[in-house]
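The values are calculated or read from the model by the stated rules, or taken from the named source; none is laboratory data. All values reported here derive from a predicted model rather than from experimental measurement. Cβ sites come from the backbone with ideal geometry, for glycine too, and all protein chains shown count toward neighbours. The accessibility values were calculated without ligands, DNA or RNA, using every heavy atom of the protein model including side chains. Shrake-Rupley method; radii C 1.70, N 1.55, O 1.52, S 1.80 Å.
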Amino acid sequence: MSTTRRDLGSADLGAQFVTCDTELAGPRLSFYEELLSHGILTPLTAPVEGMVVREGSYNYVAPQGISSVVKYYLKESGADVLYEQHVTHISLRGGKWEVSRKVGPPEQFDVVILTIPVPQILQLQGDIVNIINESQKQQLESVSYSSRYALGLFYEAGARIDVPWAAQYITDNPCIRFISIDNKKRNIESPQVGPSLVVHTTVTFGSEYLDSDPAEVQQIILSHLERIVPSLPKPSSIKCHKWRYSQVTKAVPNCPGQMILHTQPLLICGGDGFTRSNFDGCIESAMSLAEAVKPHL
C-alpha cells in the first residue's frame, strides 16, 4: 500500500480500489462498515471504463489514499510504530526473540509477527533459518507473486486532463493495464490542487522489466501512455514505483491465514501470502493472526 504525496497533490500507487463481496465477507463485513462510517473508505462513484462488475460486490476508494486504512488501524491499536526498519536477522536469546536491523542495535521481543512478502521471510538470517522446518519451508517456497510497475504523474493546479473517465482498464496494450485520474477516482478534485494520474503496467511487462533501469522503464511506460492518451499535458513531476511483490498468484496451500514457526516464544507469519491478494484476504489473515496471538499476551 503506497500513497505518494507531493506539493502538487497525492497519488495512490497501491491498490486500485477496495472490493467487498457481501455474500463472501461474512464476519469481515463489519470492517468495511467501520471504515465507511469513519470516512476512511467511500463508495466508488466515478466512471471506470472496462471494469467487470459482479452482482453483490461493492467497490470503495480511500479518499486519503489506501495507506490511510493501515494508519487508521495503527492509530486505533495505540501501538508505538517505527517505520523503515529493515530487519535482517531473527534469533533466540534467553527465551526472547532478538531482532537485528540493517541500521541500529538489535532489540528483544516476546512475540514476533511477520507480515512481509513470503520470499522476504525466507531471506531472513539467524536462528529463523533452522526454526522453519522442512515442510513449512516447502510450503513457503511454493508461494508466487506477480510484479508490476506503478507510475504517478503530478500536475500543476489548473491543468486539465480531458478524458470522460476517472479510470480505465486497458486490454490491448503490452505495457499498460490500468490508468486513473487519481484525484477524480478518489472524488477529491479541488481547484487548488493539481490533478494526478496513475498508471499500472501489465503483469507481463512487470516481469520482463523487473530488474531493468528504472529511468528506462519510466520512459517506455510514458511512450505507451502518450499513445493511449495523446492529449495529456506535461507533468510537473513523475514517480516510478516497482512492486516486486504485487499480488499473490499462488498462496500458501491449505493455510488458515497464518503459520506458526515457533510456539514459545511465539514467532508467527501471515498476510495476503497466506490467503489471497485483496482487502478481504488481508482481513481474514489479520483475524487468524489475532486469534493465534491472544493466548501469548
Each label sits 7 Å from Cα toward the beta-carbon; between Leu82 and Val293 the label points are separated, in nm, by 1.7
Cut-off under 30 Å on the C-alpha distance; same-chain residues fewer than 8 positions from Lys71 excluded. Which lysines are left, in chain and number order? Lys96, Lys102, Lys184, Lys185, Lys239, Lys242, Lys250, Lys294
List the aspartates and glutamates whose Cα sits under 19 Å from the Cα of Lys137, skipping any in the same chain fewer than 8 residues away. Asp127, Asp272
Could you give the semi-axes, largest first, of the ellipsoid that matches the stretch 141-236, computed as the square roots of 5 times the alpha carbon gyration tensor eigenvalues and rounded to whole Å? 26, 14, 13
Amide H of Ile176: which non-local residues (sequence gap of 5 or more, or other chain) have their own amide H closer than 5 Å, using H built in the peptide plane? Thr202
Just to be sure I understand the curve: with the Debye formula and one point per C-alpha of the stretch 23-166, what is log10 I(q)/I(0) at q = 0.18, 0.20 Å⁻¹? -1.25, -1.31
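Averaging the inverse of every distinct alpha carbon separation and then flipping it gives the Kirkwood radius. What is it for the chain, in angstrom units? Could the numbers behind the result be given before it?
On the way: mean 1/r = 0.0477 Å⁻¹.
20.9 Å is the Kirkwood radius here.
Please return the longest range in the chain lying between exposed loop sites, taking GluC sites (Glu not before Pro), DSSP loop only, at most 11 other beta-carbon atoms within 10 Å, and leaving the sites out.
On the way: sites that count: Glu55, Glu84.
Here the longest segment lacking exposed loop sites spans 85-297.
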Report, by chain and number, residues whose modeled amide H sits under 5 Å from the one on Ser277, excluding near sequence neighbours (fewer than 5 apart, same chain). Val248
Classify the stretch 220-284 from the C-alpha gyration tensor, please: rounded if a/c falls under 1.5, else prolate or oblate depending on whether a/b exceeds b/c. prolate
Relative contact order (%) - criterion: Cα under 8 Å, at least six apart; region: the chain: 21
Suppose R0 equals 51 Å; then what is the FRET efficiency for Leu36 and Asp162 from their Cβ-Cβ distance, rounded to the nearest 0.05? 0.95
Listed residues Lys185, Lys239, Lys102; largest mean-square fluctuation, Gaussian network over the chain with Cα springs below 10 Å, found at Lys102
Residue by residue through the stretch 22-37, the couplings from Karplus 6.51 cos²θ - 1.76 cosθ + 1.60 with θ = phi - 60°, in Hz, x for Gly and Pro, are 4, 6, 9, 5, x, x, 7, 4, 4, 5, 5, 4, 5, 5, 5, 5
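When the helix-only estimate is applied to the chain (DSSP H runs of n ≥ 4, each -39,500 (n - 2.57), divided by the residue count), what is the mean residue ellipticity at 222 nm, nearest 500 deg cm²/dmol? Mind showing how you got there, number by number?
Numbers: 10 runs with 82 residues, N = 297.
That calculation yields -7500 deg cm²/dmol at 222 nm.
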The set of residues whose placed amide H lies less than 5 Å from the amide H of Thr88, leaving out same-chain residues fewer than 5 positions away, is Ser100, Arg101, Lys102
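With the Cα gyration tensor of the stretch 1-102 giving a ≥ b ≥ c as the square roots of its eigenvalues, does the rule (a/c under 1.5 for rounded; else a/b larger than b/c for prolate; else oblate) give rounded, prolate or oblate? Before the final figure, lay out the partial values.
Details: a/c = 2.39, a/b = 1.71, b/c = 1.40.
Because a/c hits 1.5 or more and a/b exceeds b/c, the stretch 1-102 counts as prolate.
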Residues of the stretch 246-288 with amide N under 18 Å of the 7 Å Cα→Cβ point at Ser135: 252-264, 267-269
Roughly how many nanometres apart are two label points built 7 Å out from the Cα toward the Cβ at Gln120 and Gln247? 2.0
Nearest 0.05, what FRET efficiency do Val70 and Thr45 give at R0 = 22 Å with Cβ-Cβ as r? 0.40
Show me, for the stretch 277-287, the HN-Hα J-couplings you get by feeding each phi into the Karplus relation (A = 6.51, B = -1.76, C = 1.60, θ = phi - 60°), rounded to Hz, glycine and proline as x. 8, 8, 4, 4, x, 5, 5, 4, 5, 4, 5
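Where both residues lie in the chain, what percent of DSSP beta bridges are antiparallel, nearest 5?
On the way: 46 of 53 bridges.
Antiparallel: roughly 85 percent of the beta bridges in the chain.
Under a 1.4 Å probe, what is the accessible area of the stretch 36-160 per residue, stated in Å²?
On the way: 7330 Å² over 125 residues.
Here the residues of the stretch 36-160 average 59 Å² of exposed surface.
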Any chance you could check the Cα centroid distance between the stretch 172-222 and the stretch 87-147 for me, in angstrom? 33
What is the log10 of I(q)/I(0) for the stretch 143-187, computed with the Debye formula using one identical point scatterer on each Cα and no solvent, at q = 0.19, 0.24 Å⁻¹? -0.76, -1.04
Which ³J(HN,Hα) values in Hz, rounded to whole numbers, follow from the phi angles of the stretch 237-253 under the Karplus curve 6.51 cos²θ - 1.76 cosθ + 1.60, where θ = phi - 60° and Gly and Pro get x? 7, 9, 10, 10, 10, 9, 9, 4, 10, 7, 9, 6, 9, 8, 8, 4, x
